[in-house]
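**Q** Sharing a structure below in structure tokens format, with a few things to ask.
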Amino acid sequence: MILISNDEIISPRLLKLKENLEKAINKRKIIDEFWKEIEEKSTPIIEQIEKEPKYKLVTFLYKENADTDEILLISGSIGVISHRGIFKRIQGTNIYYKSIFYLNKTRTTYAISRQKADIPLYPPKDFILPVLKGDPLNKKNVTLVEGYTMAVLELPDAPSQPWIEEKDKVPKGTLETLQLKSTKFEKEFRIVTYLPPNYNTSGDPYGSLFLFDGLWYSNPKQVPTPTILNNLIFSKKIPSIIAVFIFQHMEDGIESRNIELNTNPDFAFFIGEELYPYIQKKYNITNNPEKTIVGGASFGGLTASYLGLKYPDKFGKILSQSGSYWAAEKWDQNSNPDFRNWQYIIKEYVKREKLPLDFYIEIGLYEGKESLHGQPSHFFSNRHFRDVLLSKGYSLKYVEYVGGHNFICWRGSLDDGLIYLIGNPS
């Protein structure tokens with residue numbers, strides 16, 4: 001899925017640079033002109049190699065005067081790292097490089113670390129801040145949480161994402177912010193609701209979409225779900241729908257979020273027994289599970305499938321983007337997991353009789369590499385879950401996209417899941 005080059009220079013642009021340096025009397029001028037060109041064009045360098053037509057050669061660059069082997073490329077994202085590699089120096093210069101072959105349709109993220117640290121799969125916030133700073137030479141960097149920056153790699157053949165941009169003539173829905181206390185957690189959850197244009201408090205009730213990780217799924221710079229819904233509704237791809245964004249607690253960084261979103265019965269109770277009836281009472285929403293979607297990414301996708309098991313009478317449509325189906329029951333990265341219990345949710349679906357659920361499941365081709373404790377990868381766990389669902393006779397759409405564990409991928413395919421699950425007949 002990714003071809004890793006060796007440490008020799010194979011980039012045509014760097015080979016030309018090396019040739020010019022060997023001929024030059026004033027090497028400093030050649031180096032300065034190279035960096036000026038790079039700063040104007042942005043990194044990485046993307047090139048076609050004739051013998052590899054299905055791939056682009058992507059060369060990442062770093063500017064450093066010291067001689068070091070502690071410049072690390074992390075391709076993918078924290079949680080699912082598809083490749084790590086040490087930068088090599090062009091002798092006699094301040095130019096460090098790392099070249100990798102990527103499939104032509106790749107869209108993913110990466111970061112460059114100035115310390116060759118052993119980065120854990122889910123590092124604490126105080127570890128992330130000094131290590132991950134995106135790419136200072138790339139003009140497209142995204143911040144997922146405060147201090148956690150990744151650079152964007154989008155190859156020319158990456159699929160278009162037509163629904164994520166605001167359009168002048170498209171009516172906009174409205175957002176409302178709520179607070180709802182959980183009796184199990186004894187604290188409030190922030191909830192943001194999306195009401196479609198021309199929302200009507202009477203008449204036929206609306207279908208609904210419950211999404212975890214509201215911090216990201218309602219963020220215009222990450223997954224602009226309200227904009228996507230506006231565009232899909234206006235284009236009559238889906239009916240008008242109410243969306244409910246659930247914000248996870250992040251006081252301990254990603255750890256708090258992961259505890260809530262990993263087959264946690266208390267969180268499932270909050271969604272099914274407290275939030276769902278609260279939203280039903282407050283808005284004109286149907287109680288028909290065939291018009292009710294629950295979804296999310298990573299542990300959010302896992303939790304969506306868990307809610308399907310717990311409350312199939314409420315949530316009949318499951319939308320999973322790179323779901324963490326490898327996880328053990330109530331997995332906690334700070335504890336010693338029971339290695340016999342990986343893929344807990346998949347085993348639960350094997351045990352149960354078929355439920356009235358419909359699934360949209362997607363996974364990135366670059367999510368099959370590293371893991372924390374030797375558990376099955378995201379990629380193969382999603383394939384396993386697909387096979388189990390098909391063997392049980394479930395209705396589903398399964399997609400493998402050319403990318404990683406990234407919101408920049410999920411924002412472009414959320415529409416595909418919505419159209420499949422509740423789309424209007426064409």
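**Q** Are there helices (runs of 4 or more DSSP H) fully within region 206-324 with at least 3 residues that are of a type in the set (S, T, N, Q)? List them.
**A** Working: elements: 214-217, 225-234, 254-260, 265-269, 276-282, 299-310.
Hits in region 206-324: 225-234.
**Q** Looking only at region 224-247, count every residue that is touching a strand residue (DSSP E or B) at 6+ places or on another chain (Cβ under 8 Å) and under 20 Å from residue 304 (Cα atoms) and tell me the total. Lay out the reasoning, then the answer.
**A** Residues of region 224-247 touching a strand residue (DSSP E or B) at 6+ places or on another chain (Cβ under 8 Å): 225-226, 229, 233, 239-247.
Still in the list and also under 20 Å from residue 304 (Cα atoms): 225-226, 229, 241-247.
Number of matching residues: 10.
**Q** Please work out which one of (1) of a type in the set (A, V, I, L, M, F, W, C); (2) closer than 23 Å to residue 134 by Cα; (3) at pLDDT 95 or above is the condition residue 15 fails and give its number.
**A** Exception for residue 15: condition (2).
**Q** One residue is enough: does region 408-416 have a residue meeting the conditions assigned to a strand (DSSP E or B) and hydroxyl-bearing (Ser, Thr, Tyr)?
**A** no
**Q** Okay, moving on. Looking for whichever is farther than 22 Å from residue 283 by Cα and in contact with a Gly (Cβ under 6 Å, 6 or more places away or on another chain) here; the options are 155, 195, 211, 261. Which one fits?
**A** Only one candidate passes the filter, namely 261.
The values are calculated or read from the model by the stated rules, or taken from the named source; none is laboratory data. All values derive from a computational prediction rather than experimental measurement. Quick reminder, even Gly has a Cβ in these numbers, built from the backbone with ideal geometry, and neighbours come from all protein chains shown.
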